[in-house]
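Single-structure report; data block below.
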Amino acid sequence: MRLKLISCEVLYREMCAAVARSPHQVDVEFLPKGLHDLGGDSMRARLQEAADGVDPTQYEAILLGYALCGNGVAGLVSRTLPLVIPRAHDCIALLMGGRDRYRSYFEDHPGVYFRSTGWLERGQDLDQATLGVVRDRTGAGYTLEELIARYGEDNGRYLFEQFNGYQRNYRQLAYIATSLEPDGSFEQRAREEAARRGWQFETIRGDLRLFQRLVAGDWDENDFLVVPPGWRVKPTYAGDIIEKEQVP
């Protein structure tokens with residue numbers, strides 16, 4: 001088969017490693033991590049644009065290197081080629097090998113924040129164009145001084161607290177090691193970040209089976225949703241995460 005993979009750049013190393021071992025020809029397009037920060041509607045629109053741009057005469061299916069991702073794939077329509085999407089809440093579940101292990105770890109470790117090679121390389125800084133859009137739409141990414149100058153003393157401090165107060169809910173940073181690391185530098189950066197924030201630190205083993213199965217064409221219904229042409233992605237908010245429904 002010849003397959004087109006559209007993936008978040010946060011999964012760059014993992015996807016490239018899987019593609020290198022695929023029995024099929026897989027052409028890859030990476031989209032910027034910053035799409036997540038624009039919200040579900042804008043992210044879906046960009047993903048739909050990318051999917052619609054795939055030549056149906058050249059490929060047999062479109063693979064998405066995404067999970068539900070804050071409803072970013074909800075409403076995606078399969079037009080001329082099947083869409084194949086892992087059943088997972090987010091990329092952390094993908095990196096951990098599936099939604100069951102992710103759920104179990106999260107339940108046992110409330111207040112955990114995750115890092116991976118991609119999040120350390122590509123996830124902390126948005127490209128400048130995307131950053132500008134995010135800042136203009138939400139105010140996120142501004143310093144306290146910038147928010148005060150823009151919105152006034154009281155409003156600026158309130159907005160800064162809303163954008164940054166979430167960090168108080170975290171107590172641990174978990175680095176997901178996938179064995180693709182060239183050395184210990186990624187883990188060390190994650191360890192240092194945990195120390196700066198005053199959080200506990202743990203390294204956990206990643207599992208790339210979903211990546212490998214996605215590009216190998218092993219699309220078991222339990223772990224992957226295959227959306228045929230004329231259907232779209234529907235979130236279920238249940239154990240199977242996403243389902244398909246016919247477009248009216």
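Observations on the structure shown:
- Whole-Hz Karplus values for region 65-76 come out as x, 9, 10, 4, 6, x, 6, x, 9, 5, x, 4 Hz, taken residue by residue from phi with 6.51 cos²θ - 1.76 cosθ + 1.60 and θ = phi - 60°; glycine and proline positions read x.
- Length released on extending from Val77 to Arg103, taking residue separation times 0.36 nm less the Cα-Cα span: 6.6 nm
We did not get these values from a lab; they are worked out from the coordinates using the rules stated. None of the values given here were measured: they were computed from a predicted structure.
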